[in-house]
1. Of the candidates Ala14, Ala80, Ala67, which one comes out as most mobile in a Gaussian network treatment of the chain with C-alpha springs shorter than 10 Å?
2. How would you classify the range 1-91 from its alpha-carbon gyration tensor, with a ≥ b ≥ c the square roots of the eigenvalues: rounded for a/c under 1.5, else prolate if a/b is greater than b/c, otherwise oblate?
3. Could you give the dipole magnitude of the chain about its Cα centre, charging the beta-carbon of Lys and Arg +1 and that of Asp and Glu -1, in debye to the nearest 20?
4. How high is the relative contact order of the chain, in percent, counting Cα pairs under 8 Å that sit 6 or more residues apart?
5. How far is helix 101-111 tilted off the main Cα axis of the chain, in degrees rounded to 10, range 0 to 90?
6. Amide H neighbours of Leu53 under 5 Å, at least 5 residues apart or on other chains, H built in the peptide plane: list them.
7. Below 8 Å between Cα atoms, with a sequence gap of 6+, how large is the relative contact order for the range 132-257 in percent?
8. Relative to the longest principal axis of the C-alpha atoms of the chain, give the angle of the C-alpha long axis of helix 248-258, reported between 0 and 90° and rounded to the nearest 10°.
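Just so it is clear, none of the values below were taken in a lab; they were calculated from the coordinates. Quick caveat, the model's predicted, so the values are computed rather than measured. We place every Cβ from the backbone using ideal geometry, glycine too, and count neighbours over all the protein chains shown.
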Amino acid sequence: MATIVTGALGCIGAWVVKNLLDAGEAVVAFDAASDTGRLRLVATGDEIARVSLVTGDVADVDALRGAMQGSGATRVIHLAALQVPACRTDPIRGAQVNVLGTLAVFEAAKKERIRRVVYASSAAVLGPPEDYPDGRADDGAPTGPRTLYGAFKAANELCARVYFESDGISSVGLRPWAVYGPGRDFGLTSAPTLAMQAAVLGHSYRIPFGGRCDLQFVDDVAKAFVASASPERPGARVHNLRGEVVTMDDVVRAIEGALPEARGLVTHGDDQLPIAFDLDDGAFRAEVKGVPRTRLADGVRRTIDVFSRLMREGRLPPVPA
């Protein structure tokens with residue numbers, strides 16, 4: 001079986017590619033970038049050599065069709081996107097990548113008779129916690145994004161439904177909250193991972209927000225995407241993903257527990273991010289079996305182990321400003 005992965009050289013993308021390779025699958029990695037640095041964090045050189053790397057703009061339907069043709073691919077895992085800061089800085093480009101890029105994926109899939117797309121939506125489609133006074137927000141909770149990024153993702157969920165109803169393309173949209181782990185070096189919720197990287201380097205770091213968030217280890221999220229690509233259930237479904245709801249104090253304690261010499265290096269702000277954090281993923285768990293849910297302490301330790309190895313090898317970069 002072959003799979004097209006857009007945004008394959010990003011954080012989640014690299015882990016998705018690794019999981020597909022571990023399953024013995026052929027992978028076409030489609031990305032605007034060519035730097036395989038994140039992929040090298042999780043895959044060996046021999047494994048990367050098995051990947052067909054295609055450089056292209058995700059909003060270019062012809063480029064996507066070219067990557068699909070002759071690949072034998074039967075499904076697409078669509079992860080290409082610009083994150084919250086980039087969408088805020090350049091909304092037009094954000095819409096071109098996040099909305100037009102998703103439309104291009106569905107159009108290319110339609111023309112090449114690929115009948116299944118799994119795509120990255122986001123918990124950012126939801127409003128702040130106070131919008132959900134009854135408790136957890138389930139898959140059908142009202143959306144209310146407070147960022148352009150979230151608005152773009154909400155539009156994609158609606159478009160996916162239209163493509164199923166009009167063209168029969170089945171899809172699953174998954175809504176991660178805050179993904180952390182090796183390779184997460186950009187985006188609004190990358191701060192916990194950057195704090196771990198700074199701690200390994202022996203530098204201080206302030207997480208700019210506080211309150212509660214739902215932290216999800218990147219390999220768990222990658223496995224959720226891969227598992228969602230396999231069942232041949234018709235429809236256009238959207239599912240929340242849930243990891244572990246924690247406070248930033250919990251994050252600091254987990255970092256210090258894994259790396260005692262970092263005690264006092266990591267601090268955090270007070271502001272709650274305006275996204276509901278108590279998500280119900282019961283529908284996803286009922287539909288897709290076997291996806292792990294890594295405890296925060298274990299995920300932090302695994303991340304710090306990778307960063308520590310990279311530092312010993314002289315390959316751990318400085319934390320982005």
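1. Highest fluctuation among the options: Ala67.
2. In terms of gyration-tensor shape, oblate.
3. Result for the chain is approximately 500 debye, rounded to the nearest 20.
4. Computed over the chain, the figure is 18 percent.
5. Result, in degrees: 30.
6. For Leu53, whose amide H was placed from the backbone, the distant partners under 5 Å are Ala29.
7. The normalised contact order for the range 132-257 reaches 32 percent.
8. Long axis of 248-258 versus the principal axis of the chain: about 80 degrees.
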